[in-house]
Amino acid sequence: MEDKKYIKLITSTEIAEYSNIKGFMILKPYGYKIWENIKKIINKMLIKNKYKNVYFPLLIPKNLFDLENKYIKTFSKECAIVTHTKLIVNKKNKLIIDKRSKLNEFLIIRPTSETIIWNTFNKWIKSYRDFPILINQWCNIIRIEMRNKMLIRNSEFLWQEGHSAHINEKDALLEINKIKYLYKKLIKYYLSIPYISGYKTDKEKFAGAKFTYTFETITKNKGKFIQLATIHFLSQIFSKAFNVKYINKENIQEYPWGTSCGVSTRLIGALIMIHNDDHGLILPPKIAPIQVIIIPIIRKDTNKNKVFNFINFIKKNLKKKKIKVKCDNTSKTPGYKFYKYENMGVPIRITIGEYEINKNIIEITRRDTLKKRYLYIKKNLNKKILNILNNIQKNIYMIAEKNMKKKTYIIDNYNEFKNKISTNRGLILSHWDNNTKTEFKIQEETKATIRCIPKKNKFKEIGKCIYSGKKSKQRVVFGKSY
RNA sequence: CGGGGUGUAGCGUAGCCUGGAUUAUCGCGCCUGGUUUGGGACCAGGAGAUCAUAAGUUCAAAUCUUGUCACCCCGACCA
């Protein structure tokens with residue numbers, strides 16, 4: 001998908017728009033509703049996994065970063081920093097910073113919350129009885145980026161960050177498996193997005209983590225990677241950095257083990273990049289703000305009451321099954337409305353006029369195939385609609401998966417590798433010698449990075465590194481990221 | 001942070017090279033009235049722009065010069 005088309009799709013569907021601050025966007029009602037729907041799903045899953053929602057401060061004292069920095073390279077190049085607290089009016093009647101209000105301790109707008117959370121764990125954690133600690137925060141994050149892409153790489157974004165602390169390594173690793181399962185479900189079954197998952201290389205992982213597990217997908221046309229979700233195994237890195245200790249059963253002090261995980265509004269960007277056609281967006285029914293749109297056909301000689309009574313009857317029925325249905329009775333022409341809701345990605349459109357009423361049928365159009373058909377209105381109409389919604393959900397996954405497979409290449413020759421990256425990008429499976437220097441060299445020469453090291457058996461085979469020719473135990477995923 | 005580009009109404013734009021017939025063009029959208037409505041309706045009327053900003057050149061600047069700001073694109077960066 002071209003960038004211009006991508007931005008146009010976002011703005012024309014009223015998902016989001018540019019604000020007047022570089023890299024900062026305005027999420028509009030339709031886009032925010034999509035986010036709320038995604039939120040609802042994750043929130044439910046996290047709560048089921050015994051996470052509790054919390055809220056930590058937006059501003060983090062710089063000294064917490066100093067503490068962390070002893071062990072971990074942080075986000076120092078992407079921070080927004082609060083240094084003053086007062087504005088005054090100058091002689092030209094303009095607001096300027098009052099230099100006398102300079103803070104002794106600068107405050108950093110959170111680029112992530114591990115620091116302030118582990119600093120707080122210090123107070124919360126005393127005994128082995130305190131575990132596990134499972135908390136989740138819904139909030140905004142600021143990471144000032146030099147180059148932005150709406151919803152994919154914003155300087156501000158909304159996200160969910162889960163943080164956990166465990167008594168031992170085993171429990172922390174179990175937690176990671178739980179979250180893996182949860183994210184897999186979200187991405188595949190709710191967002192209908194095919195993905196490849198695996199571990200980040202040391203070069204690509206979160207510096208504060210012992211390892212990072214990632215979920216990645218590739219875009220339809222450009223074949224660029226988008227990171228969808230990450231899970232970090234923090235090991236004892238943060239507990240040691242913030243001196244968080246507990247007393248175990250044997251009355252010995254120990255450092256707890258941590259994990260963190262997150263998904264962001266980038267998921268909306270991924271949805272847009274992946275589920276679209278010439279008519280616009282195609283939203284997965286499970287997260288679509290409107291699942292069924294009803295377009296009334298009112299002509300000069302139409303009995304309006306008859307049509308709207310009929311529509312209300314259908315609406316009521318669908319609502320009984322919790323189907324999100326809306327009727328557009330504005331004065332625009334039907335054609336206008338057809339294009340509008342197709343662009344917005346509404347999964348099902350129902351058209352109702354006197355023709356339908358007289359025959360006791362409705363005209364129904366699927367967004368994914370754009371095929372029209374008539375359905376008789378009998379008792380099982382709701383069931384049929386639910387079926388179609390399910391069908392669309394699965395079908396758009398299959399289409400996206402096909403696209404991903406088409407762009408997946410197994411390559412064992414470095415020249416071919418270079419050629420693919422520069423012409424027909426995608427997901428490249430090649431051997432790598434597990435050496436960071438090789439990784440850097442390949443990036444330097446081709447701009448491709450290792451997106452992940454997948455752990456499934458099908459990737460495991462003895463081979464030779466595409467760059468160095470040294471022995472490799474498995475294929476890894478190369479590509480160019482957004 | 002380097003290189004390039006752009007800034008004219010809510011949005012997209014013409015005019016800029018070669019300064020003046022500009023009352024700043026056109027399309028979409030918006031408002032009023034009417035006729036319409038089965039794949040982006042039509043007619044009539046209307047509102048909406050200190051041409052990003054500051055200074056300079058000139059009898060005269062959207063147009064030329066310089067500074068500033070903002071945004072976009074391409075790189076570097078992006079746990």
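See the values below:
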{"quantity": "Leading residue by the ranking (farthest from residue A:148 (Cα to Cα)) among those in segment A:21-75 that are in a loop (DSSP other than H, G, I, E, B) and open to solvent by 80 Å² or more (accessible area, probe 1.4 Å)", "calculated": "A:50"}
{"quantity": "Residue list for segment A:122-140, filter: surrounded by fewer than 15 Cβ atoms within 10 Å (Cβ to Cβ) and polar (S, T, N, Q)", "calculated": "A:122, A:127, A:140"}
{"quantity": "Search result, residues across segment A:374-406 that are surrounded by 15 or more Cβ atoms within 10 Å (Cβ to Cβ), aliphatic (A, V, I, L, M) and either part of a helix (DSSP H, G or I) or touching a residue at least 24 places away in the same chain (Cβ under 8 Å) (or both)", "calculated": "A:377, A:381, A:385, A:386, A:388, A:389, A:392, A:396, A:399, A:400, A:404"}
{"quantity": "Segment A:249-266, subset outside any strand (DSSP E or B) and open to solvent by 20 Å² or more (accessible area, probe 1.4 Å), residue nearest to residue A:120 (Cα to Cα)", "calculated": "A:255"}
{"quantity": "Residue in segment A:351-373 that is most open to solvent (accessible area, probe 1.4 Å), counting only those that are assigned to a strand (DSSP E or B) and near RNA strand B (Cβ under 9 Å from one of its atoms)", "calculated": "A:372"}
{"quantity": "Failed item in (1) assigned to a helix (DSSP H, G or I); (2) of a type outside the set (A, V, I, L, M, F, W, C); (3) more than 9 Å from RNA strand B (Cβ to nearest atom), with residue A:337 passing the rest", "calculated": "(3)"}
{"quantity": "Scan of segment A:299-319 for residues that are at pLDDT 95 or above and farther than 17 Å from residue A:360 by Cα, ordered by number", "calculated": "A:319"}
{"quantity": "Count of segment A:408-447 residues which are hydrophobic (A, V, I, L, M, F, W, C), within 16 Å of RNA strand B (Cβ to nearest atom) and surrounded by 13 or more Cβ atoms within 10 Å (Cβ to Cβ)", "calculated": "2"}
{"quantity": "Total residues in segment A:177-194, condition open to solvent by less than 50 Å² (accessible area, probe 1.4 Å) and either within 11 Å of RNA strand B (Cβ to nearest atom) or not aliphatic (A, V, I, L, M) (or both)", "calculated": "4"}
{"quantity": "Scope segment A:448-464; condition surrounded by 13 or more Cβ atoms within 10 Å (Cβ to Cβ) and part of a loop (DSSP other than H, G, I, E, B); matching residues", "calculated": "A:448, A:454"}
{"quantity": "Residue A:343 vs. criteria closer than 18 Å to residue A:300 by Cβ and within 10 Å of RNA strand B (Cβ to nearest atom)", "calculated": "no"}
{"quantity": "Residue pairs meeting the criteria (Cβ under 6 Å; at least 6 apart or on separate chains; first free of Cβ contacts under 8 Å to residues at least 40 places away in the same chain and farther than 20 Å from residue A:115 by Cα, in segment A:206-219; second of a type in the set (A, V, I, L, M) and not in a strand (DSSP E or B))", "calculated": "A:215/A:187"}
{"quantity": "One residue from A:44, A:28 being more than 16 Å from RNA strand B (Cβ to nearest atom), in the same structural domain as residue A:238 (by TED's automatic domain parsing) and basic (Lys, Arg)", "calculated": "A:44"}
{"quantity": "Members of segment A:273-282 that are within 16 Å of RNA strand B (Cβ to nearest atom), assigned to a loop (DSSP other than H, G, I, E, B) and under 19 Å from residue A:14 (Cβ atoms)", "calculated": "A:279, A:282"}
{"quantity": "Residue within segment A:290-297 that is away from RNA strand B (no atom under 13 Å from the Cβ) and closer than 30 Å to residue A:24 by Cβ present", "calculated": "yes"}
{"quantity": "Check on residue A:321, free of Cβ contacts under 8 Å to residues at least 12 places away in the same chain and open to solvent by 20 Å² or more (accessible area, probe 1.4 Å)", "calculated": "no"}
{"quantity": "Count - residues of segment A:243-272 that are within 16 Å of RNA strand B (Cβ to nearest atom) and closer than 22 Å to residue A:173 by Cα", "calculated": "6"}
{"quantity": "Members of segment A:127-156 found to be within 16 Å of RNA strand B (Cβ to nearest atom), without any contact (Cβ under 8 Å) to a residue 40 or more places away in the chain and of a type in the set (Lys, Arg), listed by number", "calculated": "A:147"}
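Residue by residue, here is whether (1) of a type in the set (A, V, I, L, M, F, W, C); (2) within 30 Å of residue A:127 (Cα to Cα); (3) part of a loop (DSSP other than H, G, I, E, B) holds:
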{"site": "A:268", "(1), (2), (3)": "yes, no, no"}
{"site": "A:271", "(1), (2), (3)": "yes, no, no"}
{"site": "A:286", "(1), (2), (3)": "no, no, yes"}
{"site": "A:290", "(1), (2), (3)": "yes, no, yes"}
{"site": "A:298", "(1), (2), (3)": "yes, no, yes"}
{"site": "A:301", "(1), (2), (3)": "no, no, yes"}
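The values are calculated or read from the model by the stated rules, or taken from the named source; none is laboratory data. Quick caveat: nothing in here was measured; it's all calculated off a predicted structure. When we count neighbours, we look across all protein chains shown, and the Cβ atoms used for this are built from the backbone with ideal geometry, even at glycine. The area values use the complete protein model at the heavy-atom level, side chains included, leaving out ligands, DNA and RNA. Shrake-Rupley method; radii C 1.70, N 1.55, O 1.52, S 1.80 Å.
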